[in-house]
Amino acid sequence: MATATTINRDWIAAEFSKGIEAEQSLMEEAKARAESPPDPGLGVLYHEIAAADERHRAIVETIATRYGHTPSRSVAGGIGETLGRLKEKVGEIGCTPMQRLGHDLMAKANSIHWCQAWVQAFQAIGDAESARELAAILTEEKAHRDALQEGLNRMVTIGATSEPGEKS
């Protein structure tokens, strides 16, 4: 006789509430990068990533709500958001455009790994709807990672083929 899988709804809601915050942060970073991209050719991509991250945040919040998360009724922004942006800007002081792009690639990789793990978990507990929604996010995240990688590839090629002292 098979036993039913116990679903830890509180833990899932707590983890997804962290995911909501992460998606918000990714969206804000992408918006900032769109205004000042590491490479001018990446501006449009960063606008697309910001819009996608906004959709992803809504999906993650919907899934969190299914498991008991109560959406925040507070207005976004304020001192916390301002401090977060300031911290990001201070952390970028002295960073090269390639380092900033590398940071963005790492963030995409983390998001991809998180989504893959949760797609598998939701499939295992029989939540096909949440698995399907996250699989759609996963597809988009992979496409954005690949486009960022292409941008990095271009930057490295330009750097490797430019004359010494030439601005790349």
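The values are calculated or read from the model by the stated rules, or taken from the named source; none is laboratory data. Since the structure is predicted, the reported quantities are computational estimates derived from the model, not experimental observations. Every residue, glycine among them, receives a Cβ derived from its backbone with ideal geometry; neighbour counts consider all protein chains shown. Ligands, DNA and RNA are stripped out before the accessible areas are found, and what is left, the full protein with its side chains, is counted by its heavy atoms. Shrake-Rupley method; radii C 1.70, N 1.55, O 1.52, S 1.80 Å.
General remarks:
Table: residues versus (1) modelled with pLDDT under 95; (2) surrounded by fewer than 12 Cβ atoms within 10 Å (Cβ to Cβ).
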{"position": "52", "(1), (2)": "no, no"}
{"position": "57", "(1), (2)": "no, no"}
{"position": "93", "(1), (2)": "yes, yes"}
{"position": "98", "(1), (2)": "yes, no"}
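- Taking first residues from the stretch 121-143 that are over 10 Å from residue 59 (Cβ atoms) and partners that are among the β-branched types (Val, Ile, Thr) and outside any helix (DSSP H, G or I), the Cβ contacts under 6 Å between residues at least 6 apart in sequence or on separate chains come to 125/5; 125/7.
Yes or no, residue by residue, for (1) aliphatic (A, V, I, L, M); (2) outside any helix (DSSP H, G or I); (3) more than 30 Å from residue 67 (Cα to Cα):
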position	(1), (2), (3)
98	yes, no, yes
101	yes, no, yes
106	yes, no, no
109	yes, no, no
135	yes, no, no
138	yes, no, no
144	no, no, no
156	yes, no, yes
163	no, yes, yes
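- The single residue among 140, 133 that is open to solvent by 30 Å² or more (accessible area, probe 1.4 Å) and either closer than 19 Å to residue 106 by Cβ or among the polar types (S, T, N, Q) (or both) turns out to be 140.
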